[in-house]
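Participant: Just dropping this structure here.
The values are calculated or read from the model by the stated rules, or taken from the named source; none is laboratory data. None of the values given here were measured: they were computed from a predicted structure. Cβ coordinates were reconstructed from backbone atoms using ideal geometry, including for glycine residues, and neighbour counts include every protein chain displayed.
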Amino acid sequence: MIHAVYDVTHCARISQASPEQIMTAMRETCRLLGNTPRSELVETFQPHGVTCVLVLAESHIVVTTWPEYELAHIDVFTCRADSDPDGAVQPILDLLDGTVASTGRIPRLLLPIPTGA
């Protein structure tokens with residue numbers, strides 16, 4: 001399992017990025033990860049900002065924006081250990097035209113699957 005998070009600052013094009021454009025970039029990230037999209041949710045906020053969720057068969061991708069601060073957070077969680085989220089988030093970064101200020105990997109517990117359950 002891989003759970004990667006990115007804080008993206010100085011997003012020069014964040015105000016121009018529509019929720020559909022963000023979701024399109026997220027779908028491309030999903031494709032680059034080799035994951036399977038299942039469901040989408042877009043929640044817009046007033047006066048600005050959006051949270052886009054792409055539910056994957058392997059977990060999720062979430063992008064939340066704060067245009068007033070030129071800030072976005074990206075959350076990529078996948079059960080595919082052979083994926084490279086650092087490269088796969090590039091379509092989102094290209095759209096927002098920002099700088100990754102911090103990134104992290106969140107350790108996740110992998111429990112054994114019970115037999116006979």
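Participant: Exactly one condition in (1) over 11 Å from the mean Cα position of the chain (by Cα); (2) over 27 Å from Leu109 (Cβ atoms); (3) buried (at least 17 other Cβ atoms within 10 Å of the Cβ) is false for Asn35; which is it?
Facilitator: (2)
Participant: Another one. How about the range 81-113: which of its residues are exposed (fewer than 12 other Cβ atoms within 10 Å of the Cβ) and either under 24 Å from Gln16 (Cα atoms) or at pLDDT 95 or above (or both)?
Facilitator: Matches in the range 81-113: Gly87, Ala101, Ser102.
Participant: Of everything in the range 38-55 that's under 11 Å from the mean Cα position of the chain (by Cα) and crowded, with 19+ Cβ neighbours inside 10 Å, which residue is farthest from Arg27 (Cα to Cα)?
Facilitator: Among those residues, the one meeting the criterion is Cys52.
Participant: Could you check the range 14-117 for helices (runs of 4 or more DSSP H) lying wholly inside it with 2 or more residues that are in contact (Cβ under 8 Å) with a residue 12 or more places away in the chain and farther than 24 Å from Met1 by Cβ?
Facilitator: Per the criteria, 19-33, 90-96.
Participant: If you don't mind, there's one more thing I want to ask. Counting just the residues of the range 56-80 that are farther than 19 Å from Pro107 by Cα and of a type in the set (D, E, K, R), which one comes out surrounded by the most Cβ atoms within 10 Å (Cβ to Cβ)?
Facilitator: In this case the residue turns out to be Glu70.
Participant: State all residues of the range 64-113 that are more than 16 Å from Leu32 (Cα to Cα) and touching a Ser or Thr at 6+ places or on another chain (Cβ under 7 Å); if no residue qualifies, say none.
Facilitator: Thr64, Pro67, Glu70, Leu71, Ala72, His73, Gly98, Thr99, Ala101
Participant: If you don't mind, there's one more thing I want to ask. Hey, can you tell me all the residues within the range 3-13 that are surrounded by fewer than 16 Cβ atoms within 10 Å (Cβ to Cβ), under 15 Å from the mean Cα position of the chain (by Cα) and either part of a loop (DSSP other than H, G, I, E, B) or modelled with pLDDT under 95 (or both)?
Facilitator: Listed by number, the list is empty, since nothing qualifies.
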